[in-house]
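Okay, so here's the structure we're looking at.
Please treat every number below as a calculation from the coordinates, not as lab data. Since this is a predicted model, take the numbers as computed values, not measurements. All Cβ positions, glycine included, derive from the backbone under ideal geometry; neighbour counts span all protein chains shown.
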Amino acid sequence: MSIESSAQEHPLEVEQYTIEQIPEDQRHGRPRDLFTVWFTSNLMPLTIVTGALATVVYGLPFWPAVFAIILGNAVGAILMALHSVQGPKLGIPQMIQSRAQYGTIGSILVVGVVVFMYVGFFASNLVLGGQSINQLVSGVSVNWGIAICAILSLVVVTFGYDLIHGLNRWLSVVFTLVMLISVIIMVSNGLGPHFSSAGKFSWSGFMGAAIVTGILWQIAYAPYVSDYSRYMPKESSTKPVFWFSYFGVVLGSVLPMIIGAMVGIASSNASQVAAIKQLSHGFGWVVMLVFAVGIVNTNTLNLYGGVLCGITVGQNFKNDWLPKAKARFVFAAVFVAACLVAAIAYQTTFLTSYYNFILLLTYLLVPWTVINLVDFYVIHHGDYDVPSLFRADGGKYGRFDTGTVVLYLIGFAIEWPFMNTTWHEGYFAKHMSGTDISWLVCIAILTPVYYAYGKWEAKNKHHGEVSHAA
């Protein structure tokens with residue numbers, strides 16, 4: 001059963017809430033809103049660049065690359081959608097909820113990892129946004145294009161949650177039509193004489209492409225999703241929240257990634273953005289315009305989530321501090337300034353830097369998502385004492401859960417011998433022709449281990465006594 005709240009969406013009013021629990025009388029929205037926010041936010045250049053890794057970096061032929069992209073996104077999105085369900089249930093941002101596993105201070109470890117993720121994706125998007133504006137308006141440099149995209153994202157985040165949802169609903173149809181027209185033009189004009197014979201299949205390349213273009217891409221959304229479902233009524237039906245999130249993010253990711261795989265073979269241009277403009281012929285300027293708008297739209301999610309994480313860290317040290325819109329703007333302005341520097345600094349080595357970034361992100365996020373999902377669904381069944389998450393002493397969850405922090409680090413260590421990156425090839429990856437199954441091994445081992453620990457810890461908590469190391 002889906003329950004509608006009497007509260008209404010107000011896109012042009014400045015959102016006042018940040019990390020605190022959303023009151024019941026302020027809950028609003030429908031599960032189908034989650035489809036448009038996750039569908040539209042993926043229709044952007046960075047998704048296309050990620051898809052291009054399947055053919056450019058892993059050297060796959062086109063159709064194996066397509067299968068790898070579909071498989072990876074279909075599997076990874078299961079974890080993403082499971083996190084989305086947590087938002088209506090608890091009414092708080094995703095990383096606040098991690099305090100229930102790690103403790104208020106212990107959670108800073110994983111919140112720091114997620115801030116690193118937001119900075120990386122925001123800066124990566126800025127580079128592509130700057131390139132899109134440069135391709136659209138030749139008199140505007142890439143650096144100025146980067147600055148324009150950053151400032152526009154800051155404006156949207158100033159208004160907050162409702163404007164983000166509203167924009168994604170309106171943009172979903174336009175973005176889809178433009179991308180489909182672009183594909184039709186590219187295919188009808190020919191993709192080159194060597195397109196059908198390019199690339200060489202290997203299982204290591206197939207698995208690597210599936211992991212990087214799909215599984216990691218979806219797991220990276222896990223820290224986002226509750227931020228954009230937390231306003232929905234607590235009684236919202238679980239299945240629609242799951243499936244609208246799932247299909248939105250899968251369909252929104254697969255389409256542009258397949259375009260990226262196609263462009264990676266059809267063009268030798270190092271800039272996928274410039275390549276798409278060239279292959280789209282006279283329609284290219286429309287694609288560049290949509291890319292620029294898409295960058296701004298998607299980066300509002302990165303900026304909004306990054307700001308909530310920054311406030312989460314600050315609130316650890318001043319537990320009665322629950323800031324409103326002004327603090328969100330200040331945090332957002334600082335975040336934007338830092339990402340501007342990063343984007344301008346590494347734009348010349350973009351593809352290599354981005355590839356290494358998302359691989360590292362995989363290894364850091366997989367242990368976190370395992371612990372979070374097992375704790376939420378299997379151990380506590382979504383039943384948490386939310387006020388404890390904001391207390392100075394962590395309430396029933398304590399300030400520092402040594403066991404969970406250690407298990408998180410063990411999860412990362414489990415992945416080490418199975419990794420295959422430009423900076424490290426693990427023992428088992430080397431003996432499996434470079435196939436990287438680190439994420440799968442981590443899930444298989446850490447899931448039962450954390451379950452045993454979590455059940456033991458839950459059993460030993462009684463009437464507010466917490467078995468956490470302070």
Per DSSP helix of 4 or more residues, -39500 (n - 2.57); summed, then divided by the residues of the chain. What does that give at 222 nm, rounded to the nearest 500? -21000 deg cm²/dmol
Work out the length of the dipole vector of the chain about its Cα centre, built from +1 on the beta-carbon of each Lys and Arg and -1 on the beta-carbon of each Asp and Glu, and round it to the nearest 20 debye. 340
Sorting R32, R399 on the 10 Å Cβ count, fewest up front, what's the list? R32, R399
Can you give the alpha-carbon Rg of the stretch 187-328 over 2.2 N^0.38 Å, where N counts its residues? 1.40
For L409 and F67, what is the calculated FRET efficiency with R₀ set at 25 Å and r taken between the beta-carbons, to the nearest 0.05? 0.10
Under the √(5λ) rule applied to the eigenvalues of the Cα gyration tensor, what semi-axes describe the equivalent ellipsoid of the stretch 1-147? Give them in Å, descending. 32, 22, 19
Rounded to two decimals, what is Rg over Rh for the stretch 343-463 when you use alpha-carbon atoms and the Kirkwood radius? 1.09
Take the alpha carbon atoms of the stretch 212-256, find their center, do the same for the stretch 275-342, and report the distance between the two centers in whole angstrom. 18
Where does each of R230, R391 land when they are ranked from fewest to most other beta-carbon atoms within 10 angstrom? R391, R230
Between K239 and F317, the FRET efficiency computed from the C-beta separation at R0 = 45 Å comes out, to the nearest 0.05, as 0.70
For F376, F291, ascending order of other Cβ atoms within 10 Å (fewest first) is F376, F291
Using the Cα centre of the stretch 120-265 as origin and beta-carbon charges of +1 (Lys, Arg) and -1 (Asp, Glu), tell me which of L251, S202, V178 is placed farthest towards the positive end of the dipole. S202
Between Q278 and V334, with labels modelled 7 Å along Cα→Cβ, what's the label distance in nm to one decimal, could you check? 4.3
Full-stretch length increase - L180, V449 - with 0.36 nm per residue and alpha-carbon distance subtracted: 92.3 nm
If you stretched the chain out fully between T348 and V14, how much longer would it get, using 0.36 nm times the residue separation minus the C-alpha to C-alpha distance? 116.5 nm
So what is the diffusion coefficient of the chain in µm² per second by Stokes-Einstein at 4 °C and 1.567 mPa s, using a Kirkwood Rh over Cα pairs? 58
